[in-house]
1. Criterion first (over 23 Å from the mean Cα position of the chain (by Cα) and either modelled with pLDDT under 85 or not small (G, A, S) (or both)) does E123 satisfy it?
2. Being farther than 27 Å from K28 by Cβ and out of contact with any helix residue (DSSP H, G or I) (no Cβ under 9 Å at 6 or more places or on another chain) is the filter here; which residues of region 258-280 pass it?
3. Do we have any residue at all in region 89-96 that's small (G, A, S), under 27 Å from Q346 (Cα atoms) and touching a residue at least 40 places away in the same chain (Cβ under 8 Å)?
4. If you go through region 90-126, how many residues are surrounded by 15 or more Cβ atoms within 10 Å (Cβ to Cβ), over 15 Å from T76 (Cα atoms) and hydrophobic (A, V, I, L, M, F, W, C)?
5. Among the candidates L324, L274, L306, L290, which residue alone is surrounded by fewer than 16 Cβ atoms within 10 Å (Cβ to Cβ), among the hydrophobic types (A, V, I, L, M, F, W, C) and out of contact with any Gly (no Cβ under 9 Å at 6 or more places or on another chain)?
6. Step by step: first the residues of region 271-317, then only those that are under 12 Å from the mean Cα position of the chain (by Cα) and within 15 Å of V98 (Cβ to Cβ), then the one that is modelled with the lowest pLDDT. Which residue is that?
7. Taking interchain pairs and intrachain pairs at least six residues apart, which have beta carbon atoms under 6 angstrom, with the first residue in region 140-156 and part of a loop (DSSP other than H, G, I, E, B) and the second surrounded by fewer than 17 Cβ atoms within 10 Å (Cβ to Cβ)?
8. Of the numbered conditions (1) within 27 Å of L48 (Cα to Cα); (2) in contact with a Ser or Thr (Cβ under 9 Å, 6 or more places away or on another chain); (3) modelled with pLDDT under 95, K69 fails exactly one; give the number of that condition.
Amino acid sequence: MAGTVCVELGFVEKSPKWKLKSKYFPSKVGGFPAWLELHNLPSSDELLCKVCKKPLVFLCQVYAPFTDKEHCFHRTMFVFVCRDGSCSKENDCSNIKVFRSQLSRDNNSYPFEAPKEEESGCESPGAADFHNLCRICGALGPKVCGGCKKAWYCSREHQAIDWRGGHKKECKESDTVQNFTAKEGSFLFPEFEIEMEPEELENEPNPSEEQIMKDYEDLLRTGNANNSSYDPEDEADLIKMATKETDKQFRKFRTRINQYPDQIIRYDRGGEPLWVSSDNKPKDIPQCPLCGEQKQFEFQIMPQLLVHLKADSTGRSIDWGTVLVYSCSQSCQQDKGYVEESVYKQDYTPVTDVMNSPSYVKRFK
């Protein structure tokens, strides 16, 4: 029997690319960002990784209007991340940025009435109508190729990527150069639509402590625990995953997502995150620097998304337990197209901490 609707869950869905353009206000993963406010995009400097100072890549966006506020009739949250795995540190969000963009229904970018969803004319209105955009990432492209004068980039790094990816040859035939073409597969993440649906919890009993510990023992010794896809010969990964299971908060996390294991987004504005660990919860959530109101939890990105990004190789790529987004509780009016909001990254309890815990020592030492 279904329980109370708690949050909205997001799942990846394959969709025609034309449906993921700005004019249709999508929630999406990967590809170019479908910018909401089209005239005032984030600057190249705003989209740099705080660790390596190189351009971030678009991760996902969530269309989340505030229906009770006229100036938030259209509202989208944009998430960017650094592709360099060495910038991904445990419980450190320095390689991630989040931006809020919003518009009233009557604005200078989109018609008052929603357009028909059709492929013809899907590109406009779009940010490319008003700006030169980077051919690699879809952000502002203030730098132009000195050869063909048609290819634009946000940075020298992205110009170098495009040069190695084929523009060196293409540049010599300038008549064929397109100033804005996606290079998916080299820098961008795979593109998907995010479909949202309510979380309806079934009244199923939680697994007992004995069952959890049995799964733990099986996983540690043989690699045959329920729902485990880890190679039992890979001892390091096996022990690491097994010890994560002993954290009580992680057990709650696993139990809650078990009914919807493919979820990549949990949207619960003003609610409480689903923590992956009892440790390293963010403290001192800041006030909005624009209006002074307290920021609140809005949504979180789940680890399952890493599978779809082809970026889930632990230790060699980006990684997270969960990414938490906090935004202005009033979604206050802004004087720029994109306002940076707060993001936190929570990872699983460190293995060394768990292995020193009394429960682990009692059973396995």
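1. The answer is yes for E123.
2. If the condition is that a residue be farther than 27 Å from K28 by Cβ and out of contact with any helix residue (DSSP H, G or I) (no Cβ under 9 Å at 6 or more places or on another chain), then N280 is the only one that fits.
3. Yes, region 89-96 contains at least one residue that is small (G, A, S), under 27 Å from Q346 (Cα atoms) and touching a residue at least 40 places away in the same chain (Cβ under 8 Å).
4. 3
5. Residue meeting the stated conditions: L290.
6. Within region 271-317, the match that is modelled with the lowest pLDDT is L305.
7. Note: pairs meeting the criteria are C148/S174; K150/N179.
8. (1)
The values are calculated or read from the model by the stated rules, or taken from the named source; none is laboratory data. Just so it is clear, the model here is predicted, and its values are computed rather than measured. Cβ atoms come from the backbone with ideal geometry, glycine included; neighbour counts cover every protein chain shown.
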